[in-house]
There are 2 protein chains.
Amino acid sequence: MGNNDPTRRTQAQRSAESRTKLMLAAAELIAEKGLGGVTLAEVGERAGYSRGIANHHFGTKAALIAELVDRVEREFIEATAPASSLEVSVEELVEIASVFTGMLADLPSVHRAFLVLWATAVADEELRPRMARSDEAFRNTVEEIIERGQSRGEIDSTVGASGYAVGFLGQLRGIALQLLLAPELVDLGAARQSMEQSLRRSLQPAQAHSDGSD
Amino acid sequence: MGNNDPTRRTQAQRSAESRTKLMLAAAELIAEKGLGGVTLAEVGERAGYSRGIANHHFGTKAALIAELVDRVEREFIEATAPASSLEVSVEELVEIASVFTGMLADLPSVHRAFLVLWATAVADEELRPRMARSDEAFRNTVEEIIERGQSRGEIDSTVGASGYAVGFLGQLRGIALQLLLAPELVDLGAARQSMEQSLRRSLQPAQAHSDGSD
DNA sequence: TATCACGTGCTTGCTGTCAAGCATGTTGGT
DNA sequence: ACCAACATGCTTGACAGCAAGCACGTGATA
């Protein structure tokens with residue numbers, strides 16, 4: 001009967017739960033104050049524990065951050081990945097952009113933390129290689145979609161896949177950061193709509209200039 | 001004859017010179033290690049003085065940063081502003097993008113510092129409003145160009161000026177930050193060319209779909 | 001000589017890290 | 001089923017390092 005006691009948890013459960021809470025708290029704080037503005041003590045207390053717990057679980061601040069980046073990056077990628085690949089390449093890219101911008105409308109702190117960490121990585125020796133890899137993976141995905149679309153004749157053949165991928169990712173990140181900088185000054189809906197239109201116009205083969213469906 | 005002694009300077013000269021050197025040193029260090037990784041002592045020593053001089057001249061770190069941001073932002077805007085407004089609106093935007101991406105190829109530390117500070121502003125209470133204003137000014141400029149172009153029939157009337165401005169600035173900033181993150185993984189030339197092509201395609205009126213000149 | 005730029009010693013507050021002890025969970029013998 | 005011995009999570013106090021800011025000393029300029 002002791003098994004059903006709700007207050008009685010196994011050590012592994014306790015440990016896993018506190019680690020999760022710590023990472024969540026760290027993500028919140030990073031989203032609010034940036035990586036530099038966060039202390040281990042604060043993380044522990046935000047998570048509902050004591051000062052020292054983050055150190056106890058992760059040993060060092062760098063280790064906590066490293067693990068957090070893994071988690072946050074994974075969740076961000078999962079959240080921005082479209083449900084399934086569409087049949088038409090152009091629409092596949094439009095869908096990626098749409099999912100991304102849609103997510104920005106109401107950004108959970110974990111995703112916000114990823115964007116903050118991405119921006120921080122520009123001047124952080126530790127974070128830079130990690131985020132650089134993340135970017136490259138995304139760009140490669142975009143390049144593949146474009147090249148596939150070009151081989152099918154769905155995407156204009158004069159489009160440079162690698163160059164376009166940089167611009168595509170740049171636009172997504174840049175829009176997101178503008179929004180973080182000044183939510184009230186950026187019309188996300190307008191930006192979203194504009195980006196979709198631009199995508200179609202710049203990708204569709206020159207002769208096949210059909211109107212959108214709506 | 002004491003007037004020509006090169007070692008003899010007026011107090012105002014000494015003061016102004018050291019302030020300039022300090023700001024330059026601060027910009028360099030911020031470009032290298034980010035705002036959080038820079039100490040006042042380091043700034044002073046990099047500038048060729050002692051630990052305490054930054055504090056002596058600016059009183060507080062925040063004051064130094066504030067003044068530095070002013071200077072760096074101004075220089076960045078000057079460097080990215082095209083020589084003169086062109087006759088055709090589409091080409092005006094292409095020119096802006098071209099100047100910007102051209103500057104990225106060999107980025108002086110002052111301009112690099114601006115981009116780093118812009119990224120830092122996302123999670124910095126002090127910097128955020130300043131950078132937000134800077135962004136808004138640029139977006140307004142872009143909007144005006146677009147609206148002017150639309151009234152002249154040079155830019156497609158279905159383009160949303162405010163939304164497009166967000167995407168335009170986002171793309172510039174996003175490309176720049178990708179480059180800072182991983183210079184060796186980003187083909188700047190390809191991105192630049194791709195962006196120009198996309199700009200023309202997405203802005204030109206639908207019926208007037210002339211080939212590029214090359 | 002008076003003033004200002006600049007250097008140097010010092011204090012103070014903050015943060016990461018460690019170590020010792022307490023609390024909770026686990027295991028094995030009876 | 002109970003309880004003692006142990007293991008593990010967690011807290012608390014202490015310490016070291018760093019950086020900002022201050023006070024005073026020195027040398028250059030007026």
All positions within the stretch B:65-104 that are assigned to a loop (DSSP other than H, G, I, E, B) and more than 29 Å from B:Arg128 (Cβ to Cβ): B:Ala83, B:Ser84, B:Ser85, B:Leu86, B:Glu87, B:Val88
How many of the residues making up the stretch A:49-90 are buried (at least 17 other Cβ atoms within 10 Å of the Cβ) and closer than 30 Å to A:Gly153 by Cβ? 3
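Quick check on B:Asp124: is it free of Cβ contacts under 8 Å to residues at least 24 places away in the same chain and either more than 15 Å from DNA strand C (Cβ to nearest atom) or not assigned by TED's automatic domain parsing to the domain that holds B:Lys21 (or both)? Steps first, answer last, please.
On the way: free of Cβ contacts under 8 Å to residues at least 24 places away in the same chain: no; either more than 15 Å from DNA strand C (Cβ to nearest atom) or not assigned by TED's automatic domain parsing to the domain that holds B:Lys21 (or both): yes.
So B:Asp124 fails the test.
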Per-region count, the stretch B:62-92, residues within 18 Å of B:Thr20 (Cβ to Cβ) and not acidic (Asp, Glu): 11
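Tell me whether the stretch A:185-199 contains one or more residues that are more than 9 Å from every other protein chain (Cβ to nearest Cβ) and open to solvent by 20 Å² or more (accessible area, probe 1.4 Å). Step through it out loud before you land on a result.
Here is the first cut: in the stretch A:185-199, the ones more than 9 Å from every other protein chain (Cβ to nearest Cβ) are A:196.
Okay, now just the ones that are also open to solvent by 20 Å² or more (accessible area, probe 1.4 Å), so A:196.
Looking for residues that are more than 9 Å from every other protein chain (Cβ to nearest Cβ) and open to solvent by 20 Å² or more (accessible area, probe 1.4 Å), one finds at least one in the stretch A:185-199, hence yes.
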Residues being of a type in the set (Asp, Glu) and in a helix (DSSP H, G or I) - total across the stretch B:153-192: 1
Working carefully through the options B:Glu126, B:Glu144, find the one that is more than 14 Å from chain A (Cβ to nearest Cβ) and either open to solvent by 20 Å² or more (accessible area, probe 1.4 Å) or touching a Lys or Arg at 6+ places or on another chain (Cβ under 6 Å) (or both). B:Glu144
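Going by the conditions given, is B:Glu28 within 26 Å of B:Phe168 (Cβ to Cβ) and away from DNA strand D (no atom under 11 Å from the Cβ)?
No, not satisfied.
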Does A:Glu42 fit the bill of being assigned by TED's automatic domain parsing to the domain that holds A:Ser134 and of a type in the set (D, E, K, R)? no
Conditions: (1) over 27 Å from A:Glu126 (Cα atoms); (2) open to solvent by less than 40 Å² (accessible area, probe 1.4 Å); (3) at pLDDT 95 or above. B:Leu115 meets all but one. Number of the miss? (1)
Condition first: in a helix (DSSP H, G or I), β-branched (Val, Ile, Thr) and within 14 Å of chain A (Cβ to nearest Cβ). Now tell me which residues in the stretch B:9-64 satisfy that. B:Ile30
Name the pairs: first residue in the stretch A:147-163 and assigned by TED's automatic domain parsing to the domain that holds A:Glu136, second residue among the hydroxyl-bearing types (Ser, Thr, Tyr) and open to solvent by 50 Å² or more (accessible area, probe 1.4 Å), Cβ to Cβ under 8 Å, at least 6 apart or on different chains? A:Gln150/A:Ser157
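The values are calculated or read from the model by the stated rules, or taken from the named source; none is laboratory data. Just so it is clear, the model here is predicted, and its values are computed rather than measured. Using ideal geometry, Cβ is built from the backbone for each residue, glycine included, and neighbour counts are taken over all protein chains shown. Heavy atoms of the whole protein, side chains included, go into the accessibility calculation; ligands, DNA and RNA do not. Shrake-Rupley method; radii C 1.70, N 1.55, O 1.52, S 1.80 Å.
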